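In what follows, a single structure is set out as structure tokens and then discussed.
The values are calculated or read from the model by the stated rules, or taken from the named source; none is laboratory data. As the structure is a computational prediction, the values presented were derived from the model and not from experiment. Virtual Cβ from ideal backbone geometry, glycine too; neighbours counted across all protein chains shown. Side chains included, ligands, DNA and RNA excluded: accessible areas come from the protein's heavy atoms. Shrake-Rupley method; radii C 1.70, N 1.55, O 1.52, S 1.80 Å.
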2 protein chains.
Amino acid sequence: MQAAVELITVGNELLIGKTLNTNAHWIAKRVTALGGSLRRITTVPDDVEEIASSIREALRRKPWLLMMVGGLGPTHDDKTLQGVAEALSRPLKVNSQALEMVREKHRELLEKGLTLQRELTSEREKMARLPQGAEPLSNPVGTAPGVMLREENTLILCLPGVPSEMKAIFDEAVAGLITEKAQVQFREESLIVKKVLEPELSPIIDEVMRVYPQVYIKSHPYGEEGHYHIELHFSTSAKTGGEALERIRKAEEMVTELVKKSGGEIQRSEG
Amino acid sequence: MQAAVELITVGNELLIGKTLNTNAHWIAKRVTALGGSLRRITTVPDDVEEIASSIREALRRKPWLLMMVGGLGPTHDDKTLQGVAEALSRPLKVNSQALEMVREKHRELLEKGLTLQRELTSEREKMARLPQGAEPLSNPVGTAPGVMLREENTLILCLPGVPSEMKAIFDEAVAGLITEKAQVQFREESLIVKKVLEPELSPIIDEVMRVYPQVYIKSHPYGEEGHYHIELHFSTSAKTGGEALERIRKAEEMVTELVKKSGGEIQRSEG
């Protein structure tokens with residue numbers, strides 16, 4: 001049983017091309033390596049209605065895990081929790097555990113002389129206002145706690161958009177859940193094919209995938225005519241890493257044989 | 001009237017974290033610079049049903065332009081046009097103009113000795129099978145033509161995923177359409193704020209955005225405690241670039257004044 005995961009990344013900066021979505025790339029890689037299956041990534045603006053509608057659409061597909069990244073901070077444009085509250089028709093309420101986390105961080109900042117505000121302002125308190133039924137996840141490197149809640153059979157996890165904070169909470173609170181749920185190992189390998197063009201390689205890939213249906217083979221052409229090569233990317237998931245790798249090796253052997261037969265060259269990818 | 005744009009990027013490689021979605025970043029930047037408003041980015045796997053459902057969802061939001069990137073090539077995993085056909089209930093048919101483009105490319109490859117296949121195989125022909133009513137867009141740097149079609153009030157444009165091909169067709173066939181539709185100029189500027197934390201900056205941003213509601217201000221915190229700074233990103237669109245920039249300048253002046261009043265430092269971003 002595959003652990004189906006969806007990701008929603010929130011932020012105008014992603015939609016105006018100011019920021020490259022390296023968070024999505026990092027999460028995709030990690031989820032896959034842990035045995036999870038990322039099915040969709042959606043990027044929406046800092047807009048409560050857009051966030052809420054993307055959550056509703058994701059929940060209709062019933063993923064095991066819905067991750068949200070970005071929009072948990074103290075400012076007016078941090079709207080992810082409002083979007084979650086709206087999508088699930090739950091009120092936002094100050095969560096006492098989250099409030100303690102935010103307070104503790106504020107105390108540290110005060111002690112270090114990094115803030116002059118002695119009182120916990122409404123902007124700081126905002127980070128502790130969670131949708132009803134949610135639990136905060138401790139943020140080891142920043143103020144805004146992560147947020148975990150459940151809606152029917154989907155676990156919803158909201159992480160901050162600052163990459164160091166996102167990664168810290170993922171590693172602490174999310175990675176273990178995926179490993180436990182997935183119980184499969186993902187493996188990938190690449191071969192480089194030269195002197196055969198993609199349309200000519202296509203029937204070879206089809207044939208190998210008929211014989212090894214569990215191995216997914218995808219071709220990625222690189223370069224210009226004449227200096228053209230194709231990366232063939234093999235991936236599969238199995239109970240053990242050894243089993244997954246063995247399956248890939250067999251598919252690679254068959255591809256190698258067929259490519260050579262049709263006049264092509266093969267080398268192992270150095271990537 | 002804003003030119004609402006949606007983008008769907010297709011490819012397993014994006015969902016397993018093999019490939020960073022630089023295509024989405026490039027398109028987001030270009031669409032915004034041309035005056036368009038990118039409302040959502042969705043990434044789906046090489047799966048006809050997933051592609052089709054993401055198109056149906058996007059069309060429900062009635063964007064002026066729906067761009068699709070990836071999955072136009074000759075191999076079994078290139079499924080974008082099948083997804084479009086499925087979503088719009090239109091058959092896939094060989095388009096004579098597209099077929100001529102694919103033939104022409106094949107002739108060139110033969111002449112240069114880059115392929116040994118003398119006949120146009122079904123894999124090559126596949127790139128000319130378009131949803132009924134679609135037009136091909138010439139691909140100056142590769143074989144697979146881009147595809148343009150209309151569904152109700154939405155223009156659908158499909159571009160190949162190879163970055164050089166995507167960019168070439170975008171610049172040739174898409175950029176002009178956006179400029180013509182949008183008729184606004186986008187401008188952005190950044191200030192760097194030091195010695196004020198994000199929760200303290202938040203009410204200042206709110207106040208400035210109340211006075212200049214057309215300017216969008218977003219804060220991006222960087223660095224660790226103690227060496228912490230915040231980038232304040234200002235953006236707006238107006239009939240002319242001069243008007244847009246003037247609006248931003250006024251908002252920047254007000255922010256600068258308020259930040260200094262609360263003990264912070266401001267400098268112009270060098271980014």
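The table below gives the values:
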read-out	value
Some residue of segment B:101-109 being touching a Gly at 6+ places or on another chain (Cβ under 7 Å) and open to solvent by 30 Å² or more (accessible area, probe 1.4 Å)	no
Pair list, Cβ < 9 Å and 6+ apart or interchain, from segment A:238-266 residues that are free of Cβ contacts under 8 Å to residues at least 40 places away in the same chain to residues that are surrounded by fewer than 13 Cβ atoms within 10 Å (Cβ to Cβ) and hydrophobic (A, V, I, L, M, F, W, C)	A:LYS250/A:VAL211
Test: A:GLY73 is over 25 Å from B:THR9 (Cβ atoms) and either out of contact with any Asp or Glu (no Cβ under 9 Å at 6 or more places or on another chain) or at the interface with chain B (Cβ under 7 Å from one of its Cβ atoms) (or both)	yes
Cross-chain or 6+ apart pairs with Cβ under 8 Å, segment B:98-119 first and in contact (Cβ under 8 Å) with a residue 12 or more places away in the chain, then surrounded by 14 or more Cβ atoms within 10 Å (Cβ to Cβ) and in a helix (DSSP H, G or I)	B:LEU99/B:GLU125; B:VAL102/B:ARG124; B:VAL102/B:GLU125; B:HIS106/B:ARG124
Enumeration of residues in segment B:216-245 that are of a type in the set (A, V, I, L, M, F, W, C) and either touching a Lys or Arg at 6+ places or on another chain (Cβ under 6 Å) or within 12 Å of another protein chain (Cβ to nearest Cβ) (or both)	B:ILE217, B:ILE230, B:LEU232, B:PHE234, B:ALA244, B:LEU245
Search result, residues across segment A:233-271 that are of a type in the set (Lys, Arg) and not in a helix (DSSP H, G or I)	A:LYS239, A:ARG268
From A:VAL147, A:VAL141, residue being open to solvent by less than 30 Å² (accessible area, probe 1.4 Å) and either β-branched (Val, Ile, Thr) or in contact with a helix residue (DSSP H, G or I) (Cβ under 7 Å, 6 or more places away or on another chain) (or both)	A:VAL147
Members of segment B:38-51 found to be more than 8 Å from every other protein chain (Cβ to nearest Cβ) and crowded, with 21+ Cβ neighbours inside 10 Å, listed by number	B:ILE51
Check on A:PRO91, free of Cβ contacts under 8 Å to residues at least 60 places away in the same chain and surrounded by fewer than 20 Cβ atoms within 10 Å (Cβ to Cβ)	yes
For A:GLY113: the one exception among (1) among the small types (Gly, Ala, Ser); (2) modelled with pLDDT under 95; (3) closer than 22 Å to B:ARG210 by Cβ	(3)
Unmet requirement for B:GLN183, which otherwise passes all of (1) in contact with a strand residue (DSSP E or B) (Cβ under 6 Å, 6 or more places away or on another chain); (2) surrounded by fewer than 16 Cβ atoms within 10 Å (Cβ to Cβ)	(1)
Residue that is under 22 Å from the mean Cα position of the chain (by Cα) and at pLDDT below 95, where the choices are B:ALA182, B:ALA134, B:ALA168	B:ALA182
Matching residues, segment B:1-26, being free of Cβ contacts under 8 Å to residues at least 60 places away in the same chain, within 24 Å of B:LEU177 (Cβ to Cβ) and buried (at least 21 other Cβ atoms within 10 Å of the Cβ)	B:ASN21, B:ALA24
Test result for B:ILE192, open to solvent by 20 Å² or more (accessible area, probe 1.4 Å) and among the hydrophobic types (A, V, I, L, M, F, W, C)	yes
Some residue of segment A:115-128 being touching a Leu at 6+ places or on another chain (Cβ under 8 Å), in a strand (DSSP E or B) and closer than 20 Å to A:SER96 by Cβ	no
Complete set of residues in segment A:161-174 that are open to solvent by less than 50 Å² (accessible area, probe 1.4 Å) and more than 14 Å from every other protein chain (Cβ to nearest Cβ)	A:ILE169, A:ALA173, A:VAL174
Selection status of B:GLU172, over 24 Å from A:PRO45 (Cα atoms) and assigned by TED's automatic domain parsing to the domain that holds B:VAL141	yes
Condition check for B:PRO213: without any contact (Cβ under 8 Å) to a residue 12 or more places away in the chain and either crowded, with 19+ Cβ neighbours inside 10 Å or away from every other protein chain (no Cβ under 14 Å) (or both)	no
